[in-house]
Amino acid sequence: MRGERYQNRMAILLVVLLVFVVVPLVVNLLPLWPLWAPVVASLIVLPGVFLRETDLVAGLRAPAEARDALVADLRAAGVDVTGEGDGVRARMNAFLIVEFRTRTTDQGTVLSFQPRASLACRGLLVALVASLVGSLPAAVLCVLLFRRAAQFAQVHGPSAFRGADAASARAGPDEVHAMLVGGLSSGLGMVRAALEAQRKSFTDALALVGVAAFTAFSAVLVGLFVALNGFNLMTGVWDVPIVVATTATVVLIVVLLVALRRRFAPQLTRYRDWINRLANAFDGEMSRRPAELAAASTFELLAEASAQVPDWLDAQRRAGLSGDPGTSLGILLASLFAASSFFYAILDLFLRNRPVSGVFDAVVGVAAMGFAGWIYRRWKRTEDSRLVQSKAAWEAHVKTLRSRMDGFLEEM
């Protein structure tokens, strides 16, 4: 699975859904769960299906050539096809469109697919979810559409690389060409991983902004209300606290978003530039440009890219928790449970005069926080171990590549 768009959007969706929808529903309307649970489930399943981009097949062929071969196969099968940048959109029927995309990784060119709902399908799904009783059928329909799209992609996807091996053999690749392609593929894989890591970090930062905004709004609202009205919840005036809390929250969000843009935008731009440079060089090598024109520039590019490798590897170390949706969701749920326990502990201790219940809620909140910390430390150790192995593998690869390049230059 390609990952970054699916994980980023899903992480933001889960934060918003859990914090602003699920928690209030569980607290206030738990007995009515048969009414709202199917709607919440459908709101998770729908983006989970249509934002999922899955890797399909890989091969040593230029992305443009792979897309051309795929288009020819789809048109031969009578499928309506349109091109869009690095993607191909195939209309299966009136409800479903399958979008194929190509990208370059350390495996060569990778073809992925993503199901897309047509305008008619979107209208039907919106109507089903809005009707409440149709939300569960909407989720089932989405799952069926994804399975149909996956079957369609598995049938037509391999055509993008059919005959690629024979074409490469006719082109007469030598050791130098294999060395260049391998170096470019490895570099592209690392810089794409670095870009994905930064996007994940940005996603986690956005999620934290949402949680911070919710916390700040609640704290200012409750604090100002108590300062103006005391603990008189029945007849107290909420107008001024609501206006002040909303204004303060908006200002906080704007400040945090500007800070995040200044922190992440330069790095994301730099990684995208490197992806474009390496991808263009890879396309040129796979297209078999004249060696005297391509070799020198590719060698220079690889030498320049080797200086960026430590930064690319370090960027993966700074990857956000959204790279592991299961771990991030577990930490989020434990944190929300801890926050709700502390909230009820404050109510029991200071408003309801229930010291025993308040102490119990506080202990449960501390336990939930400890559980979230344990999950994070376990995930961090696993990530550190994986990155150490990746760094060692890259250093070995660079050593081998440098020796082969030195041998080639000596022969020249």
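Remarks
- Dipole of the range 49-129, positive direction: furthest Cα of 120, 83, 62, with charges on the beta-carbon: 120
- Residue-span extension gain [residue 399 to residue 251] - 0.36 nm each, minus C-alpha spacing: 48.1 nm
- When 100, 225 are sorted by how many other C-beta atoms sit within 10 angstrom of their C-beta, beginning with the fewest, the order is 225, 100.
- Extension reserve of the residue 376-residue 51 stretch, reckoned as 0.36 nm per residue once the Cα distance is removed: 114.4 nm
- The ranking of 204, 384 from fewest to most other beta carbons within 10 Å of each one's beta carbon is 384, 204.
- Two-site label geometry, residue 30 and residue 258: point separation in nm, points 7 Å out along Cα→Cβ: 4.3 nm
- The ranking of 237, 39 from fewest to most other beta carbons within 10 Å of each one's beta carbon is 237, 39.
- Amide H contacts under 5 Å for residue 96, placed H, 5+ residues apart: 118
Each reported figure results from applying straightforward, stated rules to the coordinates on display, with no laboratory input. All values derive from a computational prediction rather than experimental measurement. Cβ: placed from backbone, ideal geometry, glycine included. Neighbour counts: every protein chain shown.
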